[in-house]
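Worksheet: one structure, shown below.
Laboratory data are not the source of any read-out in this text; all were calculated from the coordinates shown. It should be emphasised that the depicted structure is a prediction, and the values quoted were computed from it without experimental measurement. Every residue, glycine as well, gets a Cβ built from its backbone with ideal geometry; the counts of neighbours run over all protein chains shown.
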Amino acid sequence: MRYKRVFLIVLDSVGVGCAEDALKYDDIGSNTLGHIIENTNLFVPNLKKIGFLNTLTMSETDNIDAYYTIAKPNNPGKDSLNGHYEIMGIISDIPFKTFNDGFPIEILNSIEYVTGRRAIGNKCCNNSIDIINELGEIAANYGSLIIYTSADSDLQVAAHEDVIPISTLHEYCEKIREITLREDWRVGRVIARPFSGKPGNFKLNQLGRKDYAIKPPKKTVLDFLNENSYNVIGIGKINDIFDKEGINKTIKASNNNEVINKLTNIMDKRFTGLCMANLSDFDTLYGHIRDIDGYAKALEEFDVNIPIILNKLETDDLLIITADHGNDPTFKGNDHTRENVPVIIYSRNFISPKRLPVLNTLADIGATIADNFDVSNPEIGKSFLDNLE
């Protein structure tokens, strides 16, 4: 069967067990979902009913409401960009860099040289307002740039907008983006983070935020859909990840709840094509800071929304739920973990959904979407559309 609309939800960092090459990344034993279940009283009955928990063991269960399996990562690295690139069918041979222990002095010197501003901070911080509260007064008094990373492949630049206008901060970030294109400094995104206010009451200017990503190295399934006049809707950070390539409608959202609200609103609209959403809170708010209980609560909140999402699907809609990598909140460090990802496929038309064979690459998801809309095949991936009955 062909589907008029495909909804693809990426649960950012919800891995289901270490990948075959986890040793290469020093991630043997990681299991994001499995360890959350072991350490909490996770209650996700709706996700359980669509086979989500079965992806941990790939056990077969009767009376399941969706097809389920896991997909193995192929692209090197364990960052969000390469994970999403692979989902959409392209090989990216070079992993993006992370700098959890701070950026090299050469980067800081280069930033100071091209901006004429002092760079302060230079550490990992997963909550931007925390480092702004810590260093915002110094930045405002001396016209400094607060440089930090979120433990993802990013370099964030915060500045007080009364001292450094937002347009100037954007110009600085364009220059910093050029600096970080060097292979040994290659971060996925440079992010401008303007803020305002006084000490004790600093506020981020979300409208002034701007992401400077790297364009995908090749065309993705998103491009092929767009070139064939299909709707390609990105919700949340999807637009930033693909640097606008192939996406013809962008919907901003700053947290999981907002993403889900925007998604369910779009589900009420008439369109033909793909809507792709990323739920980033799992990764940024809980995985990186190793907050097991917070991660579990976020999964339970998503679970509550599953019936709403399923009920809004039309008979000719297809829903796919997956992830881009792992970020085990029980694991050492604060980095992503190299894990297999769950793949859940749901339609109202399925007669007897069941376990599918393991997918050898995340790109099988993109290949299936391309197959459904009869557009060019991606360079990697094999469609499983014919297995859905």
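General remarks:
- Paramagnetic reach from Lys203 (point 7 Å along Cα→Cβ, amide N under 15 Å) across segment 123-150: 129
- Nearby lysines by direct alpha-carbon distance to Lys49 (threshold 25 angstrom, same-chain neighbours under 8 apart not counted): Lys4, Lys72, Lys262, Lys297, Lys312, Lys354
- Classified by the C-alpha gyration tensor, the chain has a prolate form. Its axis ratio a/c, with a ≥ b ≥ c, is 1.5 or above, and a/b is larger than b/c.
- C-alpha center-to-center spacing [segment 230-280, segment 341-356] in angstrom: 22 Å
- Paramagnetic reach from Asn228 in segment 367-389 [backbone N under 19 Å; point 7 Å along Cα→Cβ]: 367-388
- Based on C-alpha pairs under 8 angstrom that are at least 6 apart in sequence, segment 105-213 has a relative contact order of 24 percent.
- Alpha-carbon centroid distance for the pair segment 64-135 / segment 302-340, whole angstrom: 20 Å
- Computed helical MRE - 222 nm, the chain, DSSP H runs ≥ 4 contributing -39500 (n - 2.57), nearest 500: -9000 deg cm²/dmol
- Along segment 181-188 the Karplus relation, 6.51 cos²θ - 1.76 cosθ + 1.60 evaluated at θ = phi - 60°, assigns HN-Hα couplings of 7, 4, 4, 7, 10, 6, 8, x Hz to successive residues, with x for each Gly and Pro.
- For the chain, relative contact order (Cα pairs under 8 Å, six or more residues apart, normalised by length) works out to 31 percent.
- Highest-MSF residue in the chain out of Ser254, Ser92, Ser347 [GNM, Cα springs under 10 Å]: Ser254
- In order along segment 265-280, the phi-based Karplus estimate (6.51 cos²θ - 1.76 cosθ + 1.60, θ = phi - 60°) of 3J(HN,Hα) comes to 5, 5, 5, 7, 8, 8, 7, 10, x, 10, 10, 10, 10, 10, 9, 8 Hz; Gly and Pro are listed as x.
- Segment 105-213 shape via C-alpha gyration tensor axes, a/c threshold 1.5: prolate
- Chain lengthening between Glu174 and Asn248 when straightened (0.36 nm per residue, less Cα-Cα): 24.3 nm
- Estimated dipole of segment 127-194 in Debye, rounded to 20 [Cβ of Lys and Arg +1, of Asp and Glu -1, Cα centre]: 200 debye
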